[in-house]
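In what follows, a structure is listed as structure tokens, so that the remarks can point back to it.
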Amino acid sequence: MIMDMNTPLTKNIKPDRAFATLDNYLSTGGYEGLRIAIKELTPLDVQRAVKDAGLRGRGGAGFPTGLKWSFVPMGEDAPRPKYLVVNGDEMEPGAFKDRLLIERDPHQLVEGVIISAYAIEASMAYIFLRGEYHLGAQRMKQAIAEAYDRHYLGKNILGSDYSLELHVHTSAGRYICGEETALLNALEGKRANPRAKPPFPQISGLWGKPTVVNNVETLCNVPHILHYGVDWYQELGRGEDKGTKLFGASGRIKRPGLWELPMGTPIREILEVHAGGMQEGFRLRGFLPGGASTDFLLPEHLDVPMDYGAIEKAGSRIGTATMIILDDKTCPVAMVLNLEQFFAQESCGWCTPCRDGLPWVVSILQDILNGRGRMDDLDTLARHTRLLGPGNTYCALAPGAMGPLQSALKYFRADFERFIRQNTEGIGRMTTKNTKGFSLSAVEGGQ
């Protein structure tokens, strides 16, 4: 039980249990947080508890969850209906944390949705799932059906005056759907383009009504805050940020996977203890701490704690907290090209810097790798990291794409220059390697 209290998000996820049914979930205190919220607290009380607990969004931005809810108009004069939308698109390369929660403990998410919808007085909620998550969609629908049967959903939940309808929507499968306003457009049946802000979704969101969009992992924290209390939740974190987090790692490490650990757990502990360290014959050269749209960090950053402020001071972002490992036998230039090709393909084309700038970045990187690079290409790439940076595009897709590029130019510039010098001399030969799901080009003979 002590372990369960320290790992609330994964306490029901066991090797011998395919997934947590309603009876499984109830046996470990499931829906107790909902009972407390509905029977003992007002919606504003729930908002206050989540705000006091210090829960921050687990989708990447880290915005305080309770504060986000507080922007929704409340009371009898507020516009109706209101909506809660769950972002389960999870298209960030390297990210697989929400999938675990959706597939292995769906009732935890259902309970989190109901409590959170109650907190903003929403009468309708949608779980927006990545289209490829077929098993997750099946299990979410089963969990929702079970919740309706036991009157946790529908009319007069637990005998109260509160009612909520909950539906699963599977995405058409574009990365841009992870941006909350593009997600809302997609949910309305429109092209998934981001919207101008303001107005923000909390004021004018789905079909022009007040809407909150939260990540899967974010909402899975909510039942435990209500059940075990604000003080308990705050004590789980090791530093300034509170609670636990699903940390992940992929690449040439001995045990790729996910682990629920306290916020503020040092990167070294995650990689060397839980992930088992690097595979034999490989050395850590760098890593993307929060998925593909974050800046590279180096082995010298291993003792940095995984929390929002510390990672930002180190020069990156915690993002999804699912690390992608760069080893010493993988070419960082080719790895960046692989990522930039993804972002260029996934651009919605709504704004010129992203639509035209990302393909140009890809073209320059391809020239460097294919023997046509020049030293002034590096200045052009550096200029793009500014022109496609924050404040110059309609949403965060292009600025996120610039994270791995700008940090690679900073930390691995010698690799770029060596390619250009070798290509100028005509001795660069290319081969293709497949590394942990990445199709990466590398210079023959390693680095």
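Computed from the coordinates by the stated procedures, all read-outs in this text should not be read as laboratory data. Owing to the predicted nature of the structure, the values given are computational and were not obtained by experimental measurement. Cβ coordinates were reconstructed from backbone atoms using ideal geometry, including for glycine residues, and neighbour counts include every protein chain displayed.
Ordering 55-63, 183-191, 393-401 by mean Cβ neighbour count within 10 Å, with the highest value first, yields 393-401, 55-63, 183-191.
Report, in degrees rounded to the nearest 10, the 0 to 90 angle that the Cα long axis of helix 43-53 makes with the longest principal axis of the chain. Compared with the principal axis, the helix lies near 40 degrees.
Rounded to the nearest 5, the antiparallel percentage of DSSP beta bridges internal to the chain is 50%. Helix 216-228 versus the longest principal axis of the chain: what angle, 0 to 90°, nearest 10, using Cα atoms? It works out to around 40 degrees.
Put a dot 7 Å past the Cα of E240, heading toward its Cβ, do the same for A414, and the two dots end up 3.3 nm apart. Ordering 170-179, 321-330, 250-259 by mean Cβ neighbour count within 10 Å, with the highest value first, yields 321-330, 170-179, 250-259. In the structure displayed, which of K190/K313; K11/K51; K209/K313; K197/K242 lie more than 31 Å apart, Cα to Cα? Too far apart for the 31 Å limit: K190/K313; K209/K313. From most to least packed by mean Cβ count within 10 Å, the peptides 210-216, 416-422, 313-319 give 210-216, 313-319, 416-422. Pull out a ≥ b ≥ c, the square roots of the eigenvalues of the alpha-carbon gyration tensor of segment 2-236, then state rounded if a/c is under 1.5, prolate if not and a/b is larger than b/c, and oblate in the remaining case. Rounded. When only alpha carbons are used to place a centre, segment 291-358 and segment 149-172 end up 38 Å from one another. Seen against the Cα atoms of the chain and their longest principal axis, helix 106-119 is set at about 70 degrees.
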